[in-house]
Amino acid sequence: MTKLSVNINKIATLRNARGGNLPDLLKVAADCERFGADGITVHPRPDQRHIRYDDVRNLKPLVTTEFNIEGYPSQEFMDLVLEVKPHQCTLVPDPPGAITSNNGWDTVQYASFLKDVIGTLKKEGIRVSIFLNPDITKVEGAKAAGADRIELYTGPYAEEYHNALTQPQNFALFNEYKNTAKTATEAGLEINAGHDLNLDNLRFFKLHIPQLKEVSIGHALICDALYFGLENTIQLYKRLLVD
Ligand SMILES: CC(=O)[C@@H](O)[C@H](O)COP(=O)(O)O
Ligand SMILES: NCC(=O)COP(=O)(O)O
């Protein structure tokens with residue numbers, strides 16, 4: 001069974017639109033867990049446009065499943081993560097103004113930076129995952145930097161998935177995901193995945209990357225919840241993650 005971590009960024013987006021506390025992010029997180037989520041993911045960005053730093057602090061004592069904090073390791077982000085001590089920290093190379101995450105780490109160029117950051121987090125007992133493109137040449141650097149896991153950036157997978165249904169010969173990209181996952185597993189790294197996963201494309205990914213430990217899903221899941229309700233939606237996603 002692959003774990004489902006629900007990314008609640010979009011709940012904070014909705015709350016922030018009006019300035020009050022509706023929807024209540026902490027209640028939604030607790031309800032996601034009650035409805036079957038195996039973890040809660042948040043991605044506080046420098047402009048705090050959705051998840052605020054205080055949300056992260058307030059969530060910590062409430063999350064009873066796995067707490068995963070994602071983000072670019074600026075000094076501010078590192079201070080927050082070291083204070084909160086989540087189960088997992090996912091490092092993402094987003095520049096400050098990024099609309100959303102759209103690239104994995106260049107583990108060669110940032111080798112020494114990543115090694116320092118990961119060493120600091122691991123000293124505090126925090127598991128570290130790093131966001132990676134499907135590219136086997138970046139796996140060795142992830143291992144050398146001390147990461148425990150990689151999170152495969154599934155944005156390009158999601159984009160190509162629909163074309164691939166009609167033209168499977170065009171889905172060469174998926175081999176890159178399989179090869180990267182295999183190389184990482186052989187190097188002793190565990191595999192997470194995320195970005196633009198949804199009810200259509202999740203099962204194929206899960207079936208072909210059997211070592212997949214965890215997916216973090218936010219945007220599509222919250223959109224689906226508008227139609228199906230949060231409890232049903234979480235159960236629909238979980239059904240796609242069974243072995
Ligand atoms: C790392 C990753 O893929 C997700 O965190 C994604 O970027 C969600 O962030 P936003 O909700 O800000 O788009
Ligand atoms: N790490 C990916 C994540 O948390 C959610 O990404 P998305 O489902 O909002 O695209």
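Quick note: the coordinates plus some simple rules give every number you see, no bench work behind them. What you see is a predicted model, and the numbers here were worked out from it, not measured in a lab. For neighbour counting, all protein chains shown are included, and Cβ atoms are generated from backbone atoms with ideal geometry for every residue, glycine included.
Hey, how much of the P(r) for the stretch 3-239 falls beyond 28 Å, as a percent of Cα pairs?
27
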Fill in the blank from the handout: Expected sort for 216-223, 17-24 on mean C-beta neighbours within 10 Å, highest first, is 216-223, 17-24
Handout entry: Spatial separation of Cα centroids for the stretch 197-219 and the stretch 128-192, in angstrom
Key = 12
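Quick one: putting +1 on the C-beta of Lys and Arg, -1 on the C-beta of Asp and Glu, what dipole do you get for the chain around its Cα centre, in Debye to the nearest 20?
Roughly 360 debye, rounded to the nearest 20.
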Handout entry: Cα-based shape type of the stretch 107-238, given that a ≥ b ≥ c are square roots of the gyration tensor eigenvalues and the cut on a/c is 1.5
Key = oblate
Problem - Sum of side-chain charges, GLU159 neighbourhood, beta-carbon under 15 Å (Lys, Arg +1; Asp, Glu -1) - result: -4
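As a check on your grasp of the helix formula, calculate [θ] at 222 nm for the chain: sum -39500 (n - 2.57) over DSSP H runs of n ≥ 4, divide by the residue count, round to the nearest 500. Please report the intermediate quantities before stating the final value.
Numbers: 11 runs with 111 residues, N = 243.
The per-residue figure over the chain is -13500 deg cm²/dmol.
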Practice task
Give LYS123/LYS182; LYS182/LYS213; LYS143/LYS178 a once-over and call out the pairs whose C-alpha atoms are over 21 Å from each other.
Solution key: LYS123/LYS182
Handout entry: Contour excess over end-to-end distance, with Cα ends at GLU186 and HIS87 and 0.36 nm allotted per residue
Key = 33.3 nm
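What shape does the stretch 42-135 have by the C-alpha gyration tensor, where a ≥ b ≥ c are the square roots of the eigenvalues, rounded means a/c under 1.5, and otherwise prolate means a/b greater than b/c and oblate the rest?
Note, shape of the stretch 42-135 comes out oblate.
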